[in-house]
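Q: Let me give you the structure first, and then I'll get to my questions.
The values are calculated or read from the model by the stated rules, or taken from the named source; none is laboratory data. Keep in mind that what you see is a predicted model, and the values were worked out from it rather than measured. With ideal geometry, Cβ positions are generated from the backbone for all residues, glycine too; neighbour counts draw on all protein chains shown. In case anyone asks, the SASA skips ligands and DNA or RNA and just uses the protein heavy atoms, side chains included. Shrake-Rupley method; radii C 1.70, N 1.55, O 1.52, S 1.80 Å.
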Amino acid sequence: MLFQPSARGGGGIRACTVPAVAVPPEPPEPAQPRRRRPWTPTLRDVVDEAQRFALTLAARRHQGNMTQAAKAVGVSRRTLRAAAKRLGLYQAFVEQGVNRRLAGPAGGA
């Protein structure tokens, strides 16, 4: 209850009712979900893909010989091995090397 001065001028106070509280508006409808952009590759994705391509080509060209492949791509053997492991290509080098050893000498006999 609120108290207001009396309208009769007698200086008294009379009780009045509390004004109605404004009803909060209805919540807005949920916004349409934002469209997701199509996947765009990051710089890391692009670099990894280029390295994967170069290392795969070197592994094939040099029949799994990591030392020769490292020289061909211009990195140390240790760097090549770490990159091949990080990119999941280490097994390709191993398989190329195994295939080369199973094939026997290049001259055949």
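Q: If residue 54 satisfies all but one of (1) of a type outside the set (Phe, Trp, Tyr); (2) without any contact (Cβ under 8 Å) to a residue 12 or more places away in the chain; (3) under 24 Å from residue 44 (Cα atoms), what's the number of the condition it fails?
A: With (1) of a type outside the set (Phe, Trp, Tyr); (2) without any contact (Cβ under 8 Å) to a residue 12 or more places away in the chain; (3) under 24 Å from residue 44 (Cα atoms) applied to residue 54, the lone miss is (2).
Q: While we're here: Restricting the range 21-60 to residues that are open to solvent by 90 Å² or more (accessible area, probe 1.4 Å) and polar (S, T, N, Q), which is farthest from residue 88 (Cα to Cα)?
A: 32
Q: OK, next. Which residue, of 50, 54, 103, is aliphatic (A, V, I, L, M), modelled with pLDDT under 70 and under 45 Å from the mean Cα position of the chain (by Cα)?
A: Working: 50 fails: modelled with pLDDT under 70; 54 fails: modelled with pLDDT under 70.
One residue alone meets the criteria, 103.
Q: Next up: So, in the range 61-94, of the ones that are surrounded by fewer than 14 Cβ atoms within 10 Å (Cβ to Cβ) and at positive phi, which residue ends up modelled with the highest pLDDT?
A: Step by step, filter the range 61-94, then rank; the result is 74.
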